[in-house]
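Data block below; observations after.
Rule-based calculations on the coordinates, nothing more; no lab input. Source: prediction; values computed, not measured. As a convention, Cβ positions derive from the backbone with ideal geometry for all residues, glycine included, and neighbour counts pool all protein chains shown.
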Amino acid sequence: MTVRMLVRQHWLAMDVLIAVGFALLDTATTLSGASWWPTHPSTLAWIMLAVQALADLSLAARRRAPIVVIAILTGFTLAISLLISPAGALTPAHAGNVWAPYGTILAAYGPFYYCKDRRTAFAAVGMMTLVAARIWDPSVSVITIAVLRTAVGPLLALYFSARHEMLQALRDRAERAEHERYLLAEQARAEERARLAGEMHDVVTHRVSLMVLQAGALGITATDEATRQAAEELRAAGVQALDELRDLVGILRTAPEDDQALPVSGLAELVGESTAVGTPAEFVQEGDPALASPVVGRTAYRIVREALTNVRKHAPGAHVVVRVSYNESQVRLIIRNTAAAAPPANGLAATGSGLGLAGLRQRIELVHGTLRASGTPDGGFSVEATMPSYVPTAEPVVGPA
């Protein structure tokens, strides 16, 4: 059951209770002699009392059919008036009372609040006022009370309609202002991304290009085959880094929504690259990778990449096991490495911002996952991450700055 259906049922129940309340009120006031009730009621009087209660119960439909409700109450008032005069079938105890039910007050409210056609509303309420005032038998007190009674509803309806329109206009203005602030923030973010992309391109490209040129020169001048092969691998890695940098700069210069999904099938390639550069790694996969949504796939890829990078920096020669399991509810990653086989190189270990794990923790929290990183008893290190299998792609999951 939707929220809209629950709201409709709530309002219908309220309208039924209000209609029953007016039926009881009019029945009580009529029997007390405040309306058309005769001193010696006949069978016709009791029948009309029941009809009056049924007319009041029609107020339960005042939201969907306000004109019909007015027609029912106006018809009853006209019928009771004609039965009194000129038919003479009923003789009220107090001839100076207004014979229209109190339900006409609420009935007059409906057309002005729930109908868009104000001409129809004025016509319906005007006809009901004429019948309630008994203009064919004019009396100052009856006309005054009838007009006041039928004017209360329209005045309240006009007030609440104007209030509703004013609040809606304020909400629209607030939404427009919020949208404008969002657009300005997006523009500022895009400009900052473009600036960072330019600076990254200028600084990193210069240094890496020098490394590639020096590696190429070393490969040409080297006398032994091992040195030439190492230089060629270094040059190829530098060229690949430049290509990846160009792609990254392109992503930074586009909207975040254009971020390409990093496939979970790339995890095996990451492990293979790690093994190729001297860090033996083993990849174990359980379950179907298709169960992971694109956002989760990107996050898993970055977790494995960061973990393997840290192993190469801080635990050279360690053996790494990357285990990933997929099921319908969650994706679990476990990256464990043994103790380092050699002390880390000072230059390589000192690179980076030192915020890799903190950034990953923030990224995982954005997809409602958890991350745990700690040392192992054998001197190694373990990174365990658990994420839900499905996170909507449209969800604004953006990595930390």
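Here are the numbers for this structure:
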read-out: Gly380 long-range amide H proximity, modeled H, under 5 Å; value: Ala339
read-out: Point-to-point label distance, Leu17-Glu232, nm (Cα→Cβ direction, 7 Å offset); value: 8.6
read-out: Cα gyration tensor, the chain - rounded (a/c under 1.5), prolate or oblate; value: prolate
read-out: Highest-MSF residue in the chain out of Leu12, Leu366, Leu196 [GNM, Cα springs under 10 Å]; value: Leu12
read-out: Qualifying chymotrypsin sites (Phe, Trp or Tyr not before Pro) for region 91-191 [loop in DSSP, other Cβ within 10 Å: at most 12]; value: Trp136
read-out: Cβ charges +1 (Lys, Arg) and -1 (Asp, Glu), total dipole of the chain, debye; value: 1620
read-out: Computed [θ] at 222 nm, deg cm²/dmol, the chain (DSSP H ≥ 4; -39,500 (n - 2.57); rounded to nearest 500); value: -21500 deg cm²/dmol
read-out: 3J(HN,Hα) from dihedral phi, region 97-113, Karplus parametrisation 6.51/-1.76/1.60, rounded to Hz, x for glycine, proline; value: 7, 7, 8, 6, x, 5, x, 5, 5, 6, 5, 5, 6, x, x, 7, 9
read-out: Theoretical gain in end-to-end length, Arg207 to Thr370 [0.36 nm per residue, Cα-Cα removed]; value: 55.0 nm
